[in-house]
1. So which of G100, G67, G80 ends up being farther than 17 Å from L9 by Cβ and surrounded by 15 or more Cβ atoms within 10 Å (Cβ to Cβ)?
2. So in the stretch 118-138, with the set limited to residues that are assigned to a helix (DSSP H, G or I) and among the hydroxyl-bearing types (S, T, Y), which one is farthest from P49 (Cα to Cα)?
3. So which residues in the stretch 32-64 are surrounded by fewer than 16 Cβ atoms within 10 Å (Cβ to Cβ) and polar (S, T, N, Q)?
4. Condition first: assigned to a loop (DSSP other than H, G, I, E, B) and in contact with a helix residue (DSSP H, G or I) (Cβ under 8 Å, 6 or more places away or on another chain). Now tell me which residues in the stretch 90-117 satisfy that.
5. List every residue pair whose Cβ atoms sit under 7 Å apart, with the two residues 6 or more apart in sequence or on different chains, where the first one lies in the stretch 35-48 and is at pLDDT 95 or above and the second, anywhere, is part of a loop (DSSP other than H, G, I, E, B) and aliphatic (A, V, I, L, M).
6. Quick check: is even one residue across the stretch 16-33 among the small types (G, A, S), on the phi < 0 side of the Ramachandran plot, free of Cβ contacts under 8 Å to residues at least 24 places away in the same chain and assigned to a loop (DSSP other than H, G, I, E, B)?
7. Among the residues that make up the stretch 16-31, is at least one of them buried (at least 17 other Cβ atoms within 10 Å of the Cβ), among the hydroxyl-bearing types (S, T, Y), within 20 Å of A134 (Cβ to Cβ) and in contact with a strand residue (DSSP E or B) (Cβ under 8 Å, 6 or more places away or on another chain)?
8. Using beta carbons and a limit of 7 Å, which pairs, at least six apart or on different chains, have the first residue in the stretch 117-136 and at pLDDT 90 or above and the second one surrounded by 23 or more Cβ atoms within 10 Å (Cβ to Cβ) and of a type in the set (F, W, Y)?
Amino acid sequence: MTKLAAVVLRTVVSSGTRSYGPVDRIRTVLLHPVTGAPAVDEHVRVRLPAPRRWSRLGDVLIGHGTGASAAVEAATAHPGALVVAVYCGPRCWIRFGPNGGVIEFGARGPEQPTDRWGTVASLAHSWLVAGLSAGGFGSSLCL
């Protein structure tokens, strides 16, 4: 199994409100799992629900939901996003690409990884931008 090595930097674009989630500018540097070459990615991550102006600009969208069908529904409603993730507690379902499949992730340990799912979704975006297959992402991620 190859492990994913990456650095994630977050800049707050909008901190959100009671009704809407935050919007962040994300910059990642990951090491290609085969070649070791660095791959740099910058994208906008939007936590749903969000105003339409932000959700339309989001490269990565993340929100509450359960199951692969919820991830597909959110992706269909926001066709501009490359990665869409929905989560419920220690489980997260990530849709890869506009016509891609959904991979389910589970966190180990007693803590609730709510904040971690946004980072995982951003890493999934960077993984795809680096030209790697969605299937290899799940086997490379250690939560």
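The values are calculated or read from the model by the stated rules, or taken from the named source; none is laboratory data. Everything numeric in this text was worked out from a predicted model, so none of it was measured. Note that we place each Cβ from the backbone using ideal geometry, even for glycine, and neighbour counts take in every protein chain shown.
1. None of the others qualify; the one that does is G100.
2. Filtering the stretch 118-138 for residues that are assigned to a helix (DSSP H, G or I) and among the hydroxyl-bearing types (S, T, Y), the one farthest from P49 (Cα to Cα) comes out as S126.
3. Result: T35, single match.
4. Correct list: G97, P98, G100, G101, A107.
5. The qualifying pairs are V44/L57.
6. There is no residue in the stretch 16-33 that is among the small types (G, A, S), on the phi < 0 side of the Ramachandran plot, free of Cβ contacts under 8 Å to residues at least 24 places away in the same chain and assigned to a loop (DSSP other than H, G, I, E, B).
7. The answer is yes; a qualifying residue exists.
8. These pairs meet every condition: W117/Y87; A124/F96; L128/F96.
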